[in-house]
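The values are calculated or read from the model by the stated rules, or taken from the named source; none is laboratory data. The structure presented is a predicted model; accordingly, all values stated were derived computationally and were not measured. Methodologically, a virtual Cβ is constructed for each residue, glycine included, from the backbone with ideal geometry; neighbour enumeration extends over all protein chains shown.
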Amino acid sequence: MSALGVSALSAAFKAGADDPVQALARARESARRGKDDKAILWNIDGAETEAEASRARWKSGAPLSPIDGVPLVVKDCIDVAGYPTTNGTKFLMDKVPKDAALVARLRAAGAVIFAKTNMHEFGIQPTGVNPHHGTARNPWDGERIPGGSSSGSAVAVASGIAPAAIGTDAGGSVRIPAALNGLVGLKPTFGAVPTEGVAALTRDLDHAGPIAWTVEDATLLFEALAQVKIDRALAPGKLALLTDFFEGAEPFVIDTVRNAASDAFGGLPEVRTPLCAWATAVEFVIVGTDASALMAGLLKQHAKDLGWDARTILQLGGGLGQRDRDKADRLRAGMRRELDSLLETHDLLIGPATGKVAPKLHPTSRRSGELDTTELSRLAAVTFPANLTGHPSITVPCVPKDSSALPVGLQLIGRHGDEARVLAAARAIEAKRGLRHPPRWWGL
Amino acid sequence: MHLPAPSPPMRGFLLMLVSKVTSVPLLRDLLLLKVRADAGIPRMPEVETLPAQKSAAGLPAGKP
């Protein structure tokens, strides 16, 4: 596993113990061996040429960045020139002419994009169930959902196909699959990573961010995506537990997150967020109204080609009125003020990344998709607030290393623009918990 | 967290049926009455908008 992580690969390239051409060949072979797990939708031709150029740069001692030559995958709502951006559908098959801005930044840093990954249709639900392309298989337990909507991105990393991936997150779609697959997932501050060339679910909730094995790997990718330098010497500072975020969560999730926080930071004060506790209703209104407006043309033209869940959500969203929307927008602004106020006296806030471990996937849902608002809200109610307020948020695995339990993610939320402190605290959790390997593994 | 009222999962034939029903505006609006109530939308607290903070993310608030 560690040999496949971004920073481990980078160190091996630097030492001459490995090279980008070999790393890409291993990733291709892992993808081939794991193809029935449905993580990958498109293999990108021409990546070998980029890997050879990167190998030459490392040999001459002039890599473009620490991620030069690292093979990566991106979610299939992100444009890669010469390939379709299906956005999880079965009908958006036109090849796009230009890379998304974030892909251009990764390539400028030398990264080798070798595949595009499966996802929930339009990114509209957090389960990752896709009746058109098949549902990516959770390597911890194939009978459970992978989480979504960046399902294939998380599964590709967790099952050893790719060292890291890029996902997008309008309501938890990076953090939820990362948490359910035992990985680190970073949703940066709104606007920190460009979203030009990324298919939008909403007008201003969409973010792009890395899914990776380690906090350092996520840091390296964030630096390339946002073109910033993160201070790794920063201390986590003052932390508090968000008690509302624990309400309604499974007891195992509550205990695991609280124990990890306590082990890393000792006893912490508890704070309340009464407005953020309404995040599910607000997210439902904003995603429903935005997505139905943005995709009205697609719905009209392709209604019968859509999954039944996506079609139902878009149609219901189209029925929500301006009064609901205005009220949700006002509440959203209040949520932002509420978190900003808490973050004046605390540097970081802690809660679970999901309210439960990966739920079982009903066999019928594989074929038909599903719409289960009870499960959906219990999974994602705690990831919605940071999308609605734009604050940076990360999930870091927090189940003890010697446990065989399903993965649980601990979520950290920080001030706008303060990814450095969010990453610092995640590193402290990681140091106490370490990495765990899923039983299903295709890595070489 | 304020979570929606528990409701049975929709999949298979039921989900297909609901996707057809919600394509008819009148039937959609009837179903939406229950969905809004279950999601707690009518119970969302009223929050006053401050002049300087019309958008949560620093952008113009979106419109349906």
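Residues checked against (1) out of contact with any Gly (no Cβ under 6 Å at 6 or more places or on another chain); (2) closer than 18 Å to A:Gly147 by Cβ; (3) among the aromatic types (Phe, Trp, Tyr):
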{"site": "A:Pro407", "(1), (2), (3)": "no, yes, no"}
{"site": "A:Gln411", "(1), (2), (3)": "no, yes, no"}
{"site": "A:Arg421", "(1), (2), (3)": "no, no, no"}
{"site": "A:Arg427", "(1), (2), (3)": "yes, no, no"}
{"site": "A:Gly434", "(1), (2), (3)": "yes, no, no"}
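For the stretch A:326-355, the candidate set comprises residues that are of a type in the set (A, V, I, L, M, F, W, C) and more than 8 Å from chain B (Cβ to nearest Cβ); within that set, the residue that is nearest to A:Gly414 (Cα to Cα) is A:Leu348. For the stretch B:1-18, what are the residues that are within 22 Å of A:Leu379 (Cβ to Cβ) and within 7 Å of another protein chain (Cβ to nearest Cβ)? Hits for the stretch B:1-18 are B:Met1, B:His2, B:Leu3, B:Pro4, B:Pro6, B:Ser7, B:Pro9, B:Met10, B:Arg11, B:Gly12, B:Leu15, B:Val18. Taken together, A:Lys98, A:Lys90 contain a single residue that is assigned to a loop (DSSP other than H, G, I, E, B), farther than 19 Å from A:Arg366 by Cα, over 15 Å from the mean Cα position of the chain (by Cα) and away from chain B (no Cβ under 14 Å), which is A:Lys98. Of the helices (runs of 4 or more DSSP H) entirely within the stretch A:304-372, those holding at least 1 residues that are farther than 26 Å from A:Glu143 by Cβ occupy A:308-317, A:322-345. Checked across the stretch A:141-154, the condition of being in a strand (DSSP E or B), within 30 Å of A:Asp19 (Cα to Cα) and under 14 Å from the mean Cα position of the chain (by Cα) holds for no residue.
Tell me whether the stretch A:339-359 contains one or more residues that are at pLDDT 95 or above, surrounded by 23 or more Cβ atoms within 10 Å (Cβ to Cβ) and more than 28 Å from A:Leu435 (Cβ to Cβ). Scanning the stretch A:339-359, I find at least one residue that is at pLDDT 95 or above, surrounded by 23 or more Cβ atoms within 10 Å (Cβ to Cβ) and more than 28 Å from A:Leu435 (Cβ to Cβ), so the answer is yes. A count restricted to the stretch B:22-40 and to residues that are more than 7 Å from every other protein chain (Cβ to nearest Cβ), of a type in the set (Val, Ile, Thr) and either surrounded by 13 or more Cβ atoms within 10 Å (Cβ to Cβ) or assigned to a helix (DSSP H, G or I) (or both) stands at 0.
The residues of the stretch A:243-279 that are of a type outside the set (Val, Ile, Thr), out of contact with any Ser or Thr (no Cβ under 6 Å at 6 or more places or on another chain) and not in a helix (DSSP H, G or I), listed by number, are A:Glu247, A:Gly248, A:Ala249, A:Glu250, A:Gly266, A:Gly267, A:Leu268, A:Pro269, A:Pro274, A:Leu275.
Exactly one residue out of A:Ser65, A:Ser54 is assigned to a helix (DSSP H, G or I), among the hydroxyl-bearing types (Ser, Thr, Tyr) and either within 30 Å of A:Gly434 (Cβ to Cβ) or at pLDDT 95 or above (or both), and it is A:Ser54. Would you point out the residue of the stretch A:88-104, among those that are of a type outside the set (Gly, Ala, Ser) and surrounded by fewer than 18 Cβ atoms within 10 Å (Cβ to Cβ), that is nearest to A:Leu225 (Cα to Cα)? In this case the residue turns out to be A:Lys98.
Show the residue pairs meeting these rules: Cβ distance below 6 Å; 6+ apart or different chains; first residue within the stretch A:161-172 and over 19 Å from A:Asn387 (Cβ atoms); second residue acidic (Asp, Glu) and surrounded by 24 or more Cβ atoms within 10 Å (Cβ to Cβ). Note: pairs meeting the criteria are A:Ala164/A:Asp217. Across the stretch A:300-336, the number of residues qualifying as under 27 Å from the mean Cα position of the chain (by Cα) and under 16 Å from A:His132 (Cβ atoms) comes to 10.
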